[in-house]
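Undergrad: Input: one structure, supplied below.
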Amino acid sequence: MPYKVDVYIAKAYASITVKDGLSDKPCVDTKTGTKLENVAVNPSATFHVLIGHKNGVGGVTVYETVPNVTPVPSDYEIPVELDETGKITFPKPKAVSQSDLDNLDAKVKALNQQNAGNKRRG
């Protein structure tokens, strides 16, 4: 029995491809019958696909297809990366880096010092 996966596209793309990680073939939207290969998409589009699996693990690969540019695929492990509704989001949300956290910490400390200085003057 394949996994049912909703592929949510968060922004507009001139052309994307959605592949089943097991077969490495383009998926077909189960609601429209559209083969998801070099398909233009609007933001907030959702595709409904069936994904094969082996030993309970499947995969989905999504990438923007741009002529003369090597694609940078986003791979999703299914069911691990599904949200509670059975959905994955492309592009993947970016993780916060340690340097981002360090910069934020430095800004907060600077604001606290500035605020403390203002209280003494006021």
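The values are calculated or read from the model by the stated rules, or taken from the named source; none is laboratory data. Everything numeric in this text was worked out from a predicted model, so none of it was measured. All Cβ positions, even for glycine, are placed from backbone atoms using ideal geometry, and neighbour counts span all protein chains on display.
Undergrad: Answer yes or no as to whether VAL108 is of a type in the set (A, V, I, L, M, F, W, C), outside any strand (DSSP E or B) and surrounded by fewer than 10 Cβ atoms within 10 Å (Cβ to Cβ).
TA: no
Undergrad: From the list VAL49, VAL96, VAL80, exactly one residue is in contact with a strand residue (DSSP E or B) (Cβ under 6 Å, 6 or more places away or on another chain) and at negative phi. Which is it?
TA: Details: VAL96 fails: in contact with a strand residue (DSSP E or B) (Cβ under 6 Å, 6 or more places away or on another chain); VAL80 fails: in contact with a strand residue (DSSP E or B) (Cβ under 6 Å, 6 or more places away or on another chain).
Result of the check over VAL49, VAL96, VAL80: VAL49.
Undergrad: Across the stretch 89-105, which residue is modelled with the highest pLDDT among those that are assigned to a loop (DSSP other than H, G, I, E, B) and over 9 Å from ALA10 (Cβ atoms)?
TA: LYS92
Undergrad: Would you check which residues across the stretch 36-63 are at pLDDT 95 or above, farther than 22 Å from MET1 by Cβ and not polar (S, T, N, Q) and list them?
TA: Across the stretch 36-63, the qualifying residues are GLU37, VAL39, ALA40, VAL41, ALA45, VAL62, TYR63.
Undergrad: When you scan the stretch 1-81 for strands (runs of 3 or more DSSP E) that lie fully inside it, which ones turn up with 1 or more residues that are hydroxyl-bearing (Ser, Thr, Tyr) and under 20 Å from LYS92 (Cβ atoms)? Write out each step before concluding.
TA: Working: elements: 3-9, 13-20, 39-41, 45-51, 57-64, 74-78.
It comes to 3-9, 13-20, 45-51, 57-64, 74-78.
Undergrad: Here is a further query. Considering each residue of the stretch 64-90, count those that are under 15 Å from ASP6 (Cβ atoms) and of a type in the set (Asp, Glu), and give that number.
TA: Result for the stretch 64-90: 3.
Undergrad: If you scan the stretch 33-71, which residues turn out to be farther than 14 Å from TYR13 by Cα and among the β-branched types (Val, Ile, Thr)?
TA: THR34, VAL49, ILE51, VAL57, VAL60, THR61, VAL69, THR70
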